[in-house]
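S.K.: Below are the structure tokens for one structure; questions will follow.
The values are calculated or read from the model by the stated rules, or taken from the named source; none is laboratory data. None of the values given here were measured: they were computed from a predicted structure. Cβ atoms come from the backbone with ideal geometry, glycine included; neighbour counts cover every protein chain shown. All accessible areas refer to the heavy atoms of the entire protein, side chains included, with ligands and DNA or RNA removed. Shrake-Rupley method; radii C 1.70, N 1.55, O 1.52, S 1.80 Å.
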Amino acid sequence: MGLSNDRRGNFFEDFRLGMKIRHATPRTLTDGDRSLYIGLTGSRSALHTAHSNAELLGCGNWPLEDLLVFNTAFGKTVPDISLNAAANLGYAEVQFIAPMYPGDTLAVESEIIGLKENSSRKTGVVYVRSTASNQRHQQILQWVRWVMVHKRDPQAACPEPLVPSMQAAIGAAQLRQHGYTPQALRITEVTAAEELWEDYDEGQRIDHPGAMTINDSDHSIATRLYQNTARAHFDGYAMSAQGGQRLVYGGHVMSLCRALSYDGLENGLSILAINGGSHVNPTYAGDTIACATTVLQRIDLGQAHMGALRLRTIGIKNAGAASIAFPDPGVGRPSHPAQVVLDIDYTIAMPRRRV
């Protein structure tokens, strides 16, 4: 399935349950993309920011940052799924299946798994499952997201609503462990931080001390890096005509919070899963992002040298991390104040001490 010849993108009434889309065009990621990602986010991840660190940790190659891969794969879906989006609402069942390395080429396919027209009849929510693979047809990443999409015609008939069921979290048996060896414990030699898997308690809170202001150029370049052509991020003229301004792409906010969370989670390795996440309120150029994290679960992966931490990170704009509250997720979307921009539940690999 492709776009119509006028290239205006799909509107809500164009989607059908079970529709499968092969997104154009495959993208090769390089060390240049890695460097630009660091320049835009300030990432300090030990594994992903130095080749010598990857060698020290026993990795056969130097993997690319997880959210660089995710955001690039996400960008591939935009022309077909969310070019006419009002907002990207959330994520679930995100599995980082295998690492991606410089020189690998990413290709993405999607399937529409749910549709629900909104009561205003001006928009509807599209649920989509996407899969990214490399040039060897090996799966790298898969995820579910839901996005609010404008209707071309508010009076257009729409199918009966179907909201798909989704897992609350990716279980330990489903987590791909990325082949880490006991050598990964040497990460403390380069981070100078001693905290490992055993040192984090369930319920523990970490207020990350840093904050980052988003410049207009930052989020513009980031969105272009990911080839995310959604009008809400690209087209200032169209947004001003609607009485608003360009939105910062939510994946960029995720990347900033991941980078800021380095302080307190220095020995974290790759992201294994994103269990769920919501862009709670919009972010604009000029906003300053801070974040805090709670440890939801310490997961035993059945390995003597490696465990996993399930974390919940909340990002806030124009306020300090200490002011962040962690409301009970409950059923549906938790209640947050207007300054909260991100609420994400994810799982990372973390070395454990050998005893």
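S.K.: For the subset of the range 81-127 comprising residues that are assigned to a loop (DSSP other than H, G, I, E, B) and aliphatic (A, V, I, L, M), which member is least open to solvent (accessible area, probe 1.4 Å)?
M.R.: Quick first cut of the range 81-127, residues assigned to a loop (DSSP other than H, G, I, E, B) only: 82-84, 97-104, 118-122.
Imposing the further condition that a residue be aliphatic (A, V, I, L, M) reduces the set to 83, 97-98, 100.
Details: 83: 22, 97: 24, 98: 32, 100: 4 Å².
Only one residue fits best here, namely 100.
S.K.: Which residues, taken from the range 322-351, are buried (at least 22 other Cβ atoms within 10 Å of the Cβ) and more than 17 Å from the chain's Cα centre (by Cα)?
M.R.: Listed by number, the residues that qualify are 324, 350, 351.
S.K.: Consider residue 246 carefully, then state whether it is over 17 Å from residue 342 (Cβ atoms), in a strand (DSSP E or B) and either in contact with a Gly (Cβ under 8 Å, 6 or more places away or on another chain) or of a type in the set (Ser, Thr, Tyr) (or both). Full working, then the answer.
M.R.: Working: over 17 Å from residue 342 (Cβ atoms): yes; in a strand (DSSP E or B): no; either in contact with a Gly (Cβ under 8 Å, 6 or more places away or on another chain) or of a type in the set (Ser, Thr, Tyr) (or both): yes.
No.
S.K.: Then there's this: Of the conditions (1) buried (at least 17 other Cβ atoms within 10 Å of the Cβ); (2) part of a loop (DSSP other than H, G, I, E, B); (3) without any contact (Cβ under 8 Å) to a residue 60 or more places away in the chain, residue 25 clears all except one; give me its number.
M.R.: Of (1) buried (at least 17 other Cβ atoms within 10 Å of the Cβ); (2) part of a loop (DSSP other than H, G, I, E, B); (3) without any contact (Cβ under 8 Å) to a residue 60 or more places away in the chain, only one is false for residue 25: (1).
S.K.: Look through the range 218-237, keep the residues that are assigned to a helix (DSSP H, G or I) and either over 22 Å from residue 85 (Cα atoms) or β-branched (Val, Ile, Thr) (or both), and return whichever of them is most open to solvent (accessible area, probe 1.4 Å). Outline the logic, then answer.
M.R.: Taking the range 218-237 as the starting set, the residues that turn out to be assigned to a helix (DSSP H, G or I) are 218-225, 231-234, 236-237.
Filter once more, keeping what is either over 22 Å from residue 85 (Cα atoms) or β-branched (Val, Ile, Thr) (or both): 221, 223.
On the way: 221: 70, 223: 3 Å².
Looking at the filtered set, the residue picked out is 221.
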